[in-house]
Amino acid sequence: DQQVKQNSPSLSVQEGRISILNCDYTNSMFDYFLWYKKYPAEGPTFLISISSIKDKNEDGRFTVFLNKSAKHLSLHIVPSQPGDSAVYFCAASLNYGQNFVFGPGTRLSVLP
Amino acid sequence: KAGVTQTPRYLIKTRGQQVTLSCSPISGHRSVSWYQQTPGQGLQFLFEYFSETQRNKGNFPGRFSGRQFSNSRSEMNVSTLELGDSALYLCASRPTTGTGGGYTFGSGTRLTVV
């Protein structure tokens with residue numbers, strides 16, 4: 001039973017438009033969330049995080065939104081660039097940083 | 001500073017054999033975690049080590065084991081390999097455990113069991 005779900009295996013977006021990647025979780029005790037990006041043949045790289053005391057965190061083109069009541073978070077990339085094409089993983093943890101539970105990932109393709 | 005280093009990058013083993021994977025964390029990082037990545041399953045947590053002690057363990061059979069040395073380097077061992085163990089094994093380090101912050105991942109070891 002997956003505790004962190006990313007229901008869209010893939011997403012295609014035109015360059016310059018907004019990319020929205022979604023993530024749902026089942027454990028209401030999760031209190032810290034991360035997004036990672038992964039290129040082929042490389043390890044995942046940290047993108048952005050959010051703790052459960054916030055509902056939004058922004059870093060440049062990347063914004064993460066957290067809706068605790070819906071147990072849902074989303075990553076917005078604006079504007080999308082071809083270099084953003086990668087697999088994006090959502091991750092959640094209990095107790096602010098214990099081992100992270102990752103979702104299955106969403107493959108984003110940004111088309112020029 | 002140097003990143004997380006995993007060796008070897010690629011490995012082919014026969015069913016029934018055992019394998020040992022190595023991970024050198026970022027200098028100063030004392031927490032090392034291991035993840036298994038397979039298509040469609042994302043990253044599955046194997047275990048985390050901190051100061052040579054296993055702090056957390058995922059839901060994997062006892063064939064999967066690990067250890068951490070005093071210099072924070074870590075090894076992961078899989079015994080009696082099965083075809084389903086074919087995966088990308090990722091090591092990640094962070095300064096400490098349970099204090100938030102993200103991991104820094106290595107590039108992984110691609111294990112193929114034939």
Task: Residue match in the stretch B:63-78 (condition: surrounded by 20 or more Cβ atoms within 10 Å (Cβ to Cβ) and under 16 Å from B:Gln37 (Cα atoms)) - done: yes
Open item on the list: Which residue is nearest to B:Tyr10 (Cα to Cα), if the candidates are limited to the stretch A:27-45 and must be among the charged types (D, E, K, R) and at the interface with another protein chain (Cβ under 9 Å from one of its Cβ atoms)?
Closed with: A:Glu42
TODO: Can you run down the residue pairs with Cβ atoms below 7 Å, 6 or more apart or on separate chains, where the first is in the stretch B:48-77 and without any contact (Cβ under 8 Å) to a residue 12 or more places away in the chain and the partner is aliphatic (A, V, I, L, M) and open to solvent by 50 Å² or more (accessible area, probe 1.4 Å)?
DONE: none
Task: Single residue of the stretch B:40-56 satisfying the filter (more than 17 Å from B:Thr96 (Cβ to Cβ) and within 9 Å of chain A (Cβ to nearest Cβ)) that is modelled with the lowest pLDDT - done: B:Gly40
- [ ] Examine the stretch A:46-53 for a residue that is within 14 Å of chain B (Cβ to nearest Cβ), touching an Asp or Glu at 6+ places or on another chain (Cβ under 6 Å), part of a loop (DSSP other than H, G, I, E, B) and of a type outside the set (A, V, I, L, M, F, W, C), and state whether such a residue exists.
- [x] yes
- [ ] Please specify each residue of the stretch B:23-44 satisfying the condition of being open to solvent by 20 Å² or more (accessible area, probe 1.4 Å) and assigned to a strand (DSSP E or B).
- [x] B:Ser24, B:Gln37, B:Thr38, B:Gln44
Open item on the list: If I ask for residues that are within 13 Å of the chain's Cα centre (by Cα) and either under 18 Å from A:Gly16 (Cα atoms) or polar (S, T, N, Q) (or both), which ones from the stretch A:68-79 would you list?
Closed with: A:Ser74, A:Leu75, A:His76, A:Ile77
- [ ] Taking the residues in the stretch A:1-21 that are in a loop (DSSP other than H, G, I, E, B) and within 14 Å of another protein chain (Cβ to nearest Cβ) as candidates, determine which candidate is surrounded by the most Cβ atoms within 10 Å (Cβ to Cβ).
- [x] A:Gln6
- [ ] Could you list, in sequence order, all residues of the stretch A:47-86 that are hydrophobic (A, V, I, L, M, F, W, C) and at pLDDT 95 or above?
- [x] A:Phe62, A:Val64, A:Phe65, A:Leu66, A:Ala70, A:Leu73, A:Leu75, A:Ile77, A:Val78, A:Ala86
TODO: Scan the stretch B:91-105 and give yes if some residue there is more than 14 Å from chain A (Cβ to nearest Cβ) and open to solvent by less than 40 Å² (accessible area, probe 1.4 Å), otherwise no.
DONE: no
Open item on the list: Can you tell me which of (1) surrounded by fewer than 18 Cβ atoms within 10 Å (Cβ to Cβ); (2) more than 13 Å from chain B (Cβ to nearest Cβ); (3) touching a strand residue (DSSP E or B) at 6+ places or on another chain (Cβ under 9 Å) is the one A:Asp24 doesn't meet?
Closed with: (1)
Task: Considering residues of the stretch A:58-96 that are within 13 Å of chain B (Cβ to nearest Cβ) and over 24 Å from B:Gln36 (Cα atoms) only, the residue surrounded by the most Cβ atoms within 10 Å (Cβ to Cβ) - done: A:Val64
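The values are calculated or read from the model by the stated rules, or taken from the named source; none is laboratory data. Since the model is a prediction, treat every value here as computed from it, not as a measurement. Note that each Cβ is placed from the backbone with ideal geometry, even for glycine, and that neighbours are counted across all protein chains shown. Heads up: the accessible areas ignore ligands, DNA and RNA and are worked out on the full protein's heavy atoms, side chains in. Shrake-Rupley method; radii C 1.70, N 1.55, O 1.52, S 1.80 Å.
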